[in-house]
Amino acid sequence: MSSTSSSSNWIQPIPTHCFCELPVVERTSRTTANPARRFLFYFFLDPELRYGYYRTEMHSLYTQVQQLRREMQVQEYTYRNRIRDLELELNERTTTGECYKKAFKLVWCRLCSV
């Protein structure tokens with residue numbers, strides 16, 4: 001009888017390799033049915049959420065995080081382009097000698113006023 005009860009408590013070991021002998025990679029489910037559940041290939045590591053409310057909340061939070069990440073990427077792209085434009089403008093001004101022209105005018109005006 002003890003062998004029967006021990007077999008009912010048996011937990012399947014977590015697989016480390018796929019059937020094709022490649023190592024399995026941990027992923028996270030983003031579906032409405034299994035939000036934020038980690039899994040390896042076909043084997044879930046986390047228990048299923050019991051209540052639909054939590055599933056909906058987890059999926060909603062994931063969607064919000066994804067939206068914020070997209071917004072951050074747009075802002076980063078915008079800022080990088082602005083920085084690039086400013087660097088090009090600065091490089092243009094220094095290569096054309098605009099800074100030197102302004103300094104020369106300042107010195108010349110002081111000489112004329114003497």
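V24 falls short on exactly one of the conditions (1) under 30 Å from Q12 (Cβ atoms); (2) modelled with pLDDT under 85; (3) out of contact with any Leu (no Cβ under 8 Å at 6 or more places or on another chain); (4) surrounded by 10 or more Cβ atoms within 10 Å (Cβ to Cβ), and that condition is (3).
Taken over the stretch 27-45, the criterion of being over 16 Å from H59 (Cβ atoms) and touching a Pro at 6+ places or on another chain (Cβ under 9 Å) is satisfied by L40, F41, Y42, F43. Flag set for L61, criterion: in a helix (DSSP H, G or I) and modelled with pLDDT of 85 or more.
The values are calculated or read from the model by the stated rules, or taken from the named source; none is laboratory data. Note that the structure is a prediction, hence the values are computed from the model and not measured. Cβ coordinates were reconstructed from backbone atoms using ideal geometry, including for glycine residues, and neighbour counts include every protein chain displayed.
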